[in-house]
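**Q** One structure follows; several queries about it will come next.
The values are calculated or read from the model by the stated rules, or taken from the named source; none is laboratory data. This is a predicted model, so every value here is computed, not measured. Here the Cβ positions follow ideal geometry from the backbone for every residue, glycine too, while neighbour counts run over all protein chains shown. We work out accessible area using only protein heavy atoms, side chains counted, and drop any ligands, DNA or RNA first. Shrake-Rupley method; radii C 1.70, N 1.55, O 1.52, S 1.80 Å.
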Amino acid sequence: MKDLLLTSDGDLCIDDNANVEITDSVIQEIQIRLRWFLGEWKINPEWGLPYYEQVFVKNPNLAIIEDLLRTELLTIERVQSVESIKIKVDNRTRTAAIVFAVTVDNEKLEGEVTVDV
């Protein structure tokens with residue numbers, strides 16, 4: 001999917017000449033998708049992940065969360081399979097680190113996303 005190129009912290013990437021770039025990066029698409037909170041996007045409030053309901057709770061069930069993340073990754077058009085997914089939740093700082101490996105166009109891609117409240 002074509003999209004505007006973002007920086008590593010999710011801001012719009014603008015070069016010194018005030019130009020933006022277009023990308024079709026699957027890693028960027030994954031990072032965007034995994035940062036969406038359920039109900040956050042008004043156009044389609046059913047999109048997103050239930051971070052408030054499932055992740056940032058007193059005793060999160062990591063197996064259920066990993067399954068939710070795996071299912072979300074598999075909805076991305078070019079993702080053929082999810083090789084691994086791990087989540088580490090820090091309730092004190094209200095952050096979650098998600099490390100993933102997916103197969104895209106028969107190539108293994110790895111990445112990490114940090115989600116915070």
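**Q** Could you check region 67-110 and list, in sequence order, the residues that are open to solvent by 40 Å² or more (accessible area, probe 1.4 Å), more than 21 Å from Ser25 (Cβ to Cβ) and not hydroxyl-bearing (Ser, Thr, Tyr)?
**A** Asp67, Leu68, Lys86, Lys88, Asp90, Asn91, Arg92, Arg94
**Q** Among the numbered criteria (1) among the aromatic types (Phe, Trp, Tyr); (2) over 21 Å from Ser8 (Cα atoms); (3) in a strand (DSSP E or B), which single criterion is violated by Phe100?
**A** It is condition (2) that Phe100 fails.
**Q** From the list Thr114, Thr71, pick out the single residue that is assigned to a helix (DSSP H, G or I) and either out of contact with any helix residue (DSSP H, G or I) (no Cβ under 8 Å at 6 or more places or on another chain) or of a type in the set (Asp, Glu) (or both).
**A** Values: Thr114 fails: assigned to a helix (DSSP H, G or I).
Just a single option satisfies the conditions, and that option is Thr71.
**Q** Considering region 1-12 alone, what residues qualify as being closer than 19 Å to Glu112 by Cα and either of a type in the set (Lys, Arg) or in a loop (DSSP other than H, G, I, E, B) (or both)?
**A** Selection gives Leu5, Thr7, Ser8, Asp9, Gly10, Asp11.
**Q** Still on this structure, please answer the following. Of the residues Val79, Val102, Val117, Val55, which single one is closer than 23 Å to Thr7 by Cβ, in contact with a strand residue (DSSP E or B) (Cβ under 7 Å, 6 or more places away or on another chain) and in contact (Cβ under 8 Å) with a residue 60 or more places away in the chain? Please lay out each step first, then the result.
**A** Values: Val79 fails: in contact (Cβ under 8 Å) with a residue 60 or more places away in the chain; Val117 fails: in contact with a strand residue (DSSP E or B) (Cβ under 7 Å, 6 or more places away or on another chain); Val55 fails: closer than 23 Å to Thr7 by Cβ.
Only one candidate qualifies: Val102.
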